[in-house]
1. Dipole magnitude of the range 312-384 about its Cα centre, charges +1 at Lys/Arg Cβ and -1 at Asp/Glu Cβ only, in debye to the nearest 20?
2. Please sort by residue number the chymotrypsin sites (Phe, Trp or Tyr not before Pro) in the range 132-229 whose DSSP state is loop and whose Cβ has at most 13 other Cβ atoms within 10 Å.
3. Give the Rg (one decimal place) followed by the Dmax (whole number) of the chain, computed from C-alpha coordinates and expressed in Å.
4. Please report, in debye to the nearest 20, how large the charge dipole of the range 3-258 is about its Cα centre when each Lys and Arg carries +1 at its beta carbon and each Asp and Glu carries -1 there.
5. For the charge dipole of the chain, defined by +1 on Lys and Arg C-beta atoms and -1 on Asp and Glu C-beta atoms about the Cα centroid, which residue among TYR208, TYR259, TYR114 has the Cα displaced farthest towards the positive pole?
6. Can you list, by residue number, the Cys in the chain that have no neighbouring cysteine C-beta under 4.7 Å?
7. Which of VAL60, VAL160 comes first, and how do the rest follow, when ranked by fewest Cβ neighbours within 10 Å?
8. With a Förster radius of 22 Å, plug the Cβ-Cβ distance of ASN290 and ALA20 into 1/(1 + (r/R0)^6) and report the FRET value to the nearest 0.05.
Amino acid sequence: MDDWTYGGFGIYIHWPFCSAKCPYCDFNSHVSKKIDTKQWLKGYLSEIQRVRNTVGPRLVNSIFFGGGTPSLMDPEIVEAVIGTIKSSFPISNQLEVTLEANPTSVEAGRFAAYQNAGVNRISMGIQALNDSDLRRLGRLHTAQEARLAFETARNIFARVSFDLIYARQYQTLAQWRAELSEALAMAVDHFSLYQLTVETGTAFGDRYKVGRLPGLPNNDLGADLYELTQSLCDAHNMPAYEVSNHARDGAECLHNLIYWRYGDYAGIGPGAHGRLTLKGQKFATEAFYNPDKWLAAVNQGTGEKSAQQIDQTAQATEYLLMGLRIKDGIDLERFENLAGAPLNIEAQTSLEDMGLLIRSDKTLKATRAGTAVLNSVISSLLEA
């Protein structure tokens, strides 16, 4: 049995266009006044067929439309993409089809059409529940629009998730407690909570370099905000099943679990990454980043820029990096099979003694304290 089958197989579709570029965003997103939707549909369908020819008739567990802003896609494109995947691959009876959406009134008006197209899960980029912070974050919707869009989505989809960003400028513990409490009252069964990170190459990154991004929390406040987040979510039966993702039992995002369980996934669209096992060898794939270049390359036969083979040691490292992010942790035998050697026993024991890991005969998991310093935990485990 190939190792990827432990995680399953998903297909990621990247729509690279947005109405505006948010100042914190380092994703591959672009503002474009003119989009040739017919050419984009043709490109996606061509790449789906290429992937099918490459990997064969694999069972598809999930489809995920990310971006960019996929809720700007014509529903007809979404329907054709889903239909082509379903006609090209065997499909799981529990197929999850997620589409990321922004909560503007225009996009919310498309929700019914997306549901008819085959989408069964919406992930909304709400990001904040007050207008002043939404403006700071460069969002185009208001808090009231977000609440109304969320209610619209709940009336159409059985599964609705949303994102919030915390550790924002000037945010206090009391403010976050009130906002998170409102979010918990809204949430159906899943949401994602991300601490604001300032990335190089973003507008926020440029401002930070010249001292024009005031009010960011220091490390102590950031840690307090994280601990408050976990405590409140636990109390509302929405525990973290991954570093930044919370869900009721059974409502976890299947597509993201494929990543974290180190399964295989095909990345289709500009800049999309993938992991594909072919004839027993695992490859890291990457598509052309620029939308126009990707589309031109697809017309020449493939949007894939590179496919680099991942050696066994690197696979084991990736599995560790991804697997310790989730509450299930990693299977120690699976790690050993990938690495060709057991994971550092002395480091495991030391980290367990410090309360950062929980170890059994078969699994290794990070504790809440370990999750808060996960990069350091993983570095210690990987030391020779």
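1. In debye, rounded to 20, the range 312-384 gives about 300.
2. Qualifying residues, ordered by number: TYR170.
3. Radius of gyration, then largest Cα-Cα span, for the chain: 21.0, 59 Å.
4. 860 debye
5. So the residue we want is TYR114.
6. CYS18, CYS233, CYS253
7. Ranking VAL60, VAL160 by Cβ neighbours within 10 Å, fewest first, gives VAL60, VAL160.
8. Efficiency computed from Cβ-Cβ geometry: 0.70.
No lab work stands behind these numbers, since they all come straight from the coordinates. All figures in this text were calculated on a predicted structure; none of them were measured in a lab. Note: ideal-geometry Cβ built from the backbone for every residue, glycine included; neighbour counts use all protein chains shown.
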